[in-house]
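Chemist: Right, I'll just put the structure down here and ask away after.
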Amino acid sequence: MSYDSENIFAKILRGEILSHKVYEDEYTLAFMDIMPQATGHTLVIPKEPARTLFDLSDTACTHLIRAVQRVGVAVKLAMKADGIVVMQLNGIAAGQTVDHVHFHVVPGSVHDFGKHSAEENQAGDLALLADKIIQCMS
Ligand code: AMP
């Protein structure tokens, strides 16, 4: 299956859809998940168009995991979390719903996670959380 440039994260990358950004560099973007599985749930994506982790170039992959590490440290600090789950799904069969590769950075324990929150989080709440995480970025 080829990459669909109309997927929601491609639109976020192009600035066509708003997101609550916590980090950006030449290769990556991180923003708040709109239907979080826990407070502070953040997504980290590459700018390179790729559906799954297995489609990514070596360079994009290297920068992506480094961004996940940096964002993970900031989320941990900002949310005062003892644990951080880093999760990454590839393919519909694995539960992937957005066809642009992404890492989930979720504070808490995987044993406490339920489904995604059924409703979108309030934009104001996400903006506050994004600010908190930004302040903890090194
Ligand atoms: P996955 O199920 O692994 O493909 O994860 C996709 C994630 O994207 C889910 O956690 C959704 O809540 C999240 N999501 C979908 N649309 C948006 C959006 N517009 N802004 C932020 N997060 C989104």
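Chemist: For residue 57 and residue 8, what is the calculated FRET efficiency with R₀ set at 25 Å and r taken between the beta-carbons, to the nearest 0.05?
Modeler: Efficiency, from the Cβ-Cβ distance: 0.70.
Chemist: Report, in debye and to the nearest 20, how large the dipole of the stretch 8-135 comes out about its Cα centre when Lys and Arg carry +1 and Asp and Glu carry -1 on their Cβ.
Modeler: Roughly 160 debye, rounded to the nearest 20.
Chemist: Any chance you could count the Lys pairs in the chain whose alpha carbons are under 15 Å apart, treating pairs 8 or more apart or on different chains as valid?
Modeler: Total qualifying Lys-Lys pairs in the chain comes to 6.
Chemist: Can you give me the angle between helix 58-78 and the longest principal axis of the chain, using Cα atoms only, in degrees from 0 to 90, rounded to the nearest 10?
Modeler: Value to nearest ten degrees: 10.
Chemist: Suppose we flag trypsin sites (Lys or Arg not before Pro) only when DSSP calls them loop and at most 12 other Cβ atoms lie within 10 Å. Which is the longest uninterrupted stretch of the chain?
Modeler: Counting only loop sites that pass the neighbour cut-off, the longest clear stretch is 15-79.
Chemist: Tilt of helix 123-135 relative to the longest C-alpha principal axis of the chain, in degrees (0 to 90, nearest 10)?
Modeler: Orientation of helix 123-135: about 90 degrees from the principal axis.
Chemist: A further question on this structure: Projecting each Cα onto the charge dipole of the stretch 8-135 (Lys/Arg +1, Asp/Glu -1 at the beta carbon, about the Cα centre), which of 78, 104, 23 comes out farthest on the positive side?
Modeler: It is 78.
Chemist: Please label the shape of the chain as rounded, prolate or oblate, based on the square roots a ≥ b ≥ c of the eigenvalues of the alpha-carbon gyration tensor (a/c under 1.5 means rounded; beyond that, a/b larger than b/c means prolate, else oblate).
Modeler: Rounded is the answer for the chain, as its axis ratio a/c remains below 1.5.
The numbers here are math on the coordinates, done by the rules we state, and not lab data. As the structure is a computational prediction, the values presented were derived from the model and not from experiment. Using ideal geometry, Cβ is built from the backbone for each residue, glycine included, and neighbour counts are taken over all protein chains shown.
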